[in-house]
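Take a look at the following structure, please.
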Amino acid sequence: MSNVPASMVECFSSIQGEGVLVGLRQAFVRFSGCNLNCSFCDTPGMSQAPKDCLLELTPGRRDFLKVGNPMSGERVVALIESWAEGWPGIHHSVSVTGGEPLLHGAHLLELLPKLRRFLPIHLETNGTLHQALAPLIPHLDYIGMDIKLPSSSGCSDLWDEHRAFLQLAAQRSVYVKVVVDQSTEDWEIERSCQMIAEIDPAIPLILQPMTLPDGTIAVSPLRALEFQELAGRLKEVRVIPQTHKFMGQL
Ligand code: SF4
C-alpha cells in the first residue's frame with residue numbers, strides 16, 4: 001500500500017466531459033495544487049490544499065465522506081476496489097486529475113499500479129512536468145495533455161516544456177487539448193500543430209472552446225471552424241466544448 005500521503009480534493013464518479021474519452025463514465029481522483037495559474041482556471045482547491053478530501057461512497061450519488069488531508073493511498077485504493085466489486089463494469093477508467101497531479105509523482109508511483117489492477121488509468125495533465133511523467137509512463141493507459149496558449153490561458157512561453165512532455169507522452173495513447181477563445185490567434189494554433197506533427201501527426205488534437213462563467217461559449221461558430229481548418233495538417237482534429245457543464249455533471 002502507498003506510504004506517501006498526498007493532499008487531495010475529491011474522489012467521485014462522473015461522466016468525462018472533455019477530450020477523446022468524452023461521454024465515458026470514469027472514477028475521478030483529483031489532487032490539489034498546480035504549478036500554473038491559468039486565467040480561466042475553474043478547478044477548486046488549487047491555491048492551497050483543502051483541509052479535507054471528499055470521498056464519494058456510492059458512485060454518482062454524491063454521498064461524500066470528509067477525510068482529513070494529507071490522505072494515504074490506501075483510502076483511494078480501497079474506494080476504487082469497492083466500486084469495482086460493488087458496481088462492476090460501470091467505469092471505463094480512472095481519471096487522475098487536478099490541479100496538476102504530477103506534482104504528486106512519488107505518491108502516484110505507488111498508487112497507480114494498485115489502481116490499475118481494477119481499471120485503466122487516464123492521466124489529465126497540463127503537460128509541463130516531463131521529468132515527473134517519465135517514471136509513470138509504464139503505469140498509464142491514456143494521457144490527456146494541455147498545450148497552454150498565451151492568449152486564452154495567460155501562461156506564456158511553455159512551448160519547450162510542452163514539446164519535451166509530448167515526446168515522452170507519445171509512448172502511450174496520448175491526445176492534446178487546447179483551450180481556445182475569441183482572443184486566440186492563428187499562429188498559436190499553427191505552432192501547436194507544428195509541434196504535434198513533428199512528433200506524430202496521428203496524435204489527436206482537441207480544440208476546446210472556452211465556457212464562460214455564465215455558460216456561454218467564448219468562440220463564435222465561424223471562429224471554431226477557422227481554428228479547425230488551421231489544424232488541417234493533423235489527422236484527427238475535433239472541436240469539443242466542456243460537455244459536463246451542459247449536463248450538470250461534476
Ligand atoms: S493547469 Fe489546470 S488546474 Fe492548473 S491553473 Fe491551469 S486550469 Fe487550473
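Among Gln16, Gln48, Gln167, which one shows the highest mean-square fluctuation when the chain is modelled as a Gaussian network with alpha-carbon springs under 10 Å?
Comparing Gln16, Gln48, Gln167 in the GNM, the peak value goes to Gln48.
Right, another one. Work out how much length Ala78 to Leu212 would gain on full extension: take 0.36 nm times their residue separation and subtract the Cα-Cα distance, in nm to one decimal.
Net length gain for the segment: 44.6 nm.
Now for a different question. State to the nearest 20 debye the size of the charge dipole of segment 8-176 about its Cα centre, where the only charges are +1 on K and R beta carbons and -1 on D and E beta carbons.
260 debye
Evaluate the distance, in nm, between pseudo-label points positioned 7 Å from the Cα of Val4 and of Phe40 along their respective Cα→Cβ axes.
Each label point lies 7 Å from its Cα, and together they span 3.1 nm.
What is the local net charge at Ala231, summed over the other residues whose Cβ is closer than 12 Å to its Cβ (Lys, Arg +1; Asp, Glu -1)?
Net local charge, Ala231 excluded: -2.
Can you give the Rg and Dmax of segment 8-176 based on its C-alpha atoms, in angstrom?
In order Rg, Dmax, the Cα atoms of segment 8-176 give 15.3, 46 Å.
Any aspartates and glutamates with Cα under 12 Å of the Lys51 Cα? List them, leaving off those in the same chain fewer than 8 positions away.
The reachable aspartates and glutamates, counting only those whose Cα sits under 12 Å from Lys51, are Glu10.
Just reorder Asp157, Asp181 by solvent-accessible area, largest first, 1.4 Å probe, all chains present.
Asp157, Asp181
If a/c stays under 1.5 just call it rounded; otherwise compare a/b with b/c (prolate if a/b is bigger, oblate if not). Do that for segment 48-124, with a ≥ b ≥ c from the square roots of the Cα gyration tensor eigenvalues.
In terms of gyration-tensor shape, oblate.
Per residue of the chain, what 222 nm ellipticity follows from adding -39500 (n - 2.57) for every DSSP H run with n ≥ 4, rounded to the nearest 500?
Value at 222 nm, helices only, nearest 500: -8500 deg cm²/dmol.
Also: Sequence gap at least 6, Cα distance under 8 Å: using those rules, report the relative contact order of the chain to the nearest whole percent.
In percent, rounded to a whole number, it is 18.
Once you order the gyration tensor axes a ≥ b ≥ c over the Cα atoms, which shape class does segment 2-104 get: rounded for a/c under 1.5, otherwise prolate or oblate by comparing a/b with b/c? Can you show the working numbers first?
Numbers: a/c = 1.84, a/b = 1.20, b/c = 1.54.
Taking the square roots of the gyration eigenvalues as a ≥ b ≥ c, segment 2-104 is oblate.
Tell me the carbon and sulfur percent of the accessible area for the chain, rounded to whole percent, probe radius 1.4 Å.
Roughly 52 percent of what the probe reaches on the chain is carbon or sulfur.
Put +1 on the Cβ of every Lys and Arg and -1 on every Asp and Glu Cβ in the chain; which of Ala164, Gln228, Gly60 then has its Cα farthest towards the positive end of the dipole?
The listed residue farthest towards the positive side: Gly60.
The values are calculated or read from the model by the stated rules, or taken from the named source; none is laboratory data. Computed from a prediction, not measured in an experiment: that's the story for all the values here. Virtual Cβ from ideal backbone geometry, glycine too; neighbours counted across all protein chains shown. The protein model used for the area step is the full one, side chains on, heavy atoms only, and it has no ligands, DNA or RNA in it. Shrake-Rupley method; radii C 1.70, N 1.55, O 1.52, S 1.80 Å.
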